[in-house]
């Protein structure tokens, strides 16, 4: 991810195999100064969502490894869900949410619209196939401006 700091990128590389071994996806890491303190945040996800027990499991597994390998010393370390409505950032996000409804914003119109809501039928390196009503819409990644889960209350 282009916007990740050096420390966050280092943390991502340290955490990714451990998080994956535990059965989760590592979505992102961030290292930020807030007030006088530095925070290292690790964002994880899995199909069906993340609960507090998941965060605790990952935190216990990562804490000693980060203490040993990370070249920075954050004041606070947190493991969190990335949030239900965060924009998708990688192919793994689409694969993890296959069969679920998403909202997609497009750079240029498809079928006369720049906004689609549909079910993820499949996603691979080349394209996303979205079921919009009874129609399958095939979108190449360069057409997609933004995508996120549709949340109904």
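Values quoted throughout were computed directly from the atomic coordinates according to the rules given, and no laboratory measurement underlies them. This one's a predicted model, so the numbers in the text were calculated from it and none came from an experiment. Note: ideal-geometry Cβ built from the backbone for every residue, glycine included; neighbour counts use all protein chains shown.
Below, the figures for the structure above:
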{"read-out": "Residue 65-residue 152 pseudo-label distance in nm [points 7 Å out on the Cα-to-Cβ vector]", "value": "3.8"}
{"read-out": "Distance between modelled label sites at residue 107 and residue 38, nm, 7 Å Cα→Cβ extension", "value": "3.7"}
{"read-out": "Percent antiparallel among DSSP beta bridges (both partners in the stretch 6-80, rounded to 5)", "value": "65"}
{"read-out": "Equivalent ellipsoid dimensions for the stretch 6-80 as semi-axes, Å, which come from the Cα gyration tensor, largest first", "value": "20, 13, 11"}
{"read-out": "Tilt relative to the chain, helix 6-21 - C-alpha long axis, 0 to 90 degrees, to 10", "value": "80"}
{"read-out": "Rounded tilt (10° steps) of 52-69 against the dominant C-alpha axis of the chain", "value": "50"}
{"read-out": "Along principal axes, Cα extents of the stretch 1-47, largest first, whole Å", "value": "34, 18, 15"}
{"read-out": "Cα radius of gyration and Dmax for the chain (Å)", "value": "17.5, 54"}
{"read-out": "Inter-label distance, nm, simple model (7 Å from Cα along the C-beta direction), residue 57/residue 5", "value": "3.0"}
{"read-out": "Scattering profile of the stretch 34-121 at q = 0.14, 0.25, 0.26 Å⁻¹ [log10 I(q)/I(0), Debye over alpha-carbon scatterers]", "value": "-0.68, -1.27, -1.32"}
{"read-out": "Kirkwood hydrodynamic radius of the stretch 88-153, Cα pairs, Å", "value": "11.7"}
